[in-house]
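**Q** Questions regarding the structure given below will be posed in turn.
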Amino acid sequence: MIDHMSTMDDADVAERIASTLDASPHTFADVRVEVSDGFVTLTGAVDWQFQQRLLRRTVGNVEGVGGVADLTVLRRARHRR
C-alpha cells in the first residue's frame with residue numbers, strides 16, 4: 001500500500017483542494033485554505049451551517065489530506081421579512 005501523504009507535498013494538496021472547491025456548485029470565495037504537513041486549516045466565513053459541513057467533508061476527502069481544522073465562522077443571518 002502506498003502512503004499518499006508521504007509522497008505529496010503541501011502545494012500539491014493545496015492545488016487539489018483548490019481544484020475540488022472550484023468544481024463545486026457551492027461558492028467558497030470567502031474561505032481560505034492553508035496546508036501544513038498534509039493538515040488543512042480552513043478560515044473565513046460562510047453563510048450557512050450546511051456549507052461548513054460540506055466544506056469539511058469535501059476537503060477531508062481530497063487525496064493527501066491528513067486532517068481538517070475548520071475555523072470558519074457563520075455570517076450573521078440577515079433580517080428576513
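The values are calculated or read from the model by the stated rules, or taken from the named source; none is laboratory data. Because the structure is predicted, anything quoted here is derived from the model rather than measured. Here the Cβ positions follow ideal geometry from the backbone for every residue, glycine too, while neighbour counts run over all protein chains shown.
**Q** Report, by residue number, each residue of region 12-23 that is surrounded by 12 or more Cβ atoms within 10 Å (Cβ to Cβ) and among the small types (Gly, Ala, Ser). Give the derivation first.
**A** Residues of region 12-23 that are surrounded by 12 or more Cβ atoms within 10 Å (Cβ to Cβ), as a first pass: 12-18, 20-21.
Correct list: 14, 18.
**Q** Out of the residues in region 25-36 that are within 16 Å of residue 10 (Cβ to Cβ) and loosely packed, with under 15 Cβ neighbours inside 10 Å, which is farthest from the chain's Cα centre (by Cα)? Please lay out each step first, then the result.
**A** First, pick out the residues of region 25-36 that are within 16 Å of residue 10 (Cβ to Cβ): 32-36.
Checking which are loosely packed, with under 15 Cβ neighbours inside 10 Å leaves us with 32, 34, 36.
Numbers: 32: 8, 34: 9, 36: 13 Å.
The extreme case among them is 36.
**Q** Restricting attention to region 20-52, which residues are at negative phi and part of a loop (DSSP other than H, G, I, E, B)? Step through it out loud before you land on a result.
**A** In the first step, residues of region 20-52 are kept if they are at negative phi; the result is 20-36, 39-43, 45-52.
Hits for region 20-52 are 24, 25, 26, 27, 28, 29, 30, 47, 48.
**Q** While we're here: Which residues, counting only those in region 37-62, are out of contact with any strand residue (DSSP E or B) (no Cβ under 7 Å at 6 or more places or on another chain), within 15 Å of residue 8 (Cβ to Cβ) and surrounded by 12 or more Cβ atoms within 10 Å (Cβ to Cβ)? Can you show your working first?
**A** First, pick out the residues of region 37-62 that are out of contact with any strand residue (DSSP E or B) (no Cβ under 7 Å at 6 or more places or on another chain): 37-38, 47-48, 50-51, 53-54, 57-58, 61-62.
If we keep only those that are within 15 Å of residue 8 (Cβ to Cβ) as well, we get 37-38, 61-62.
Scanning region 37-62 gives 38, 62.
**Q** What about residue 34, is it out of contact with any strand residue (DSSP E or B) (no Cβ under 8 Å at 6 or more places or on another chain) and modelled with pLDDT of 95 or more?
**A** Working: out of contact with any strand residue (DSSP E or B) (no Cβ under 8 Å at 6 or more places or on another chain): no; modelled with pLDDT of 95 or more: yes.
So residue 34 does not fit the description; no.
**Q** Let me ask something else about it. Six or more apart or on different chains, Cβ atoms under 6 Å: show the pairs whose first residue is in region 44-56 and more than 17 Å from residue 20 (Cβ to Cβ) and whose second is of a type outside the set (Val, Ile, Thr).
**A** As it stands, the answer is 45/30; 45/75; 47/75, since those pairs meet every condition given.
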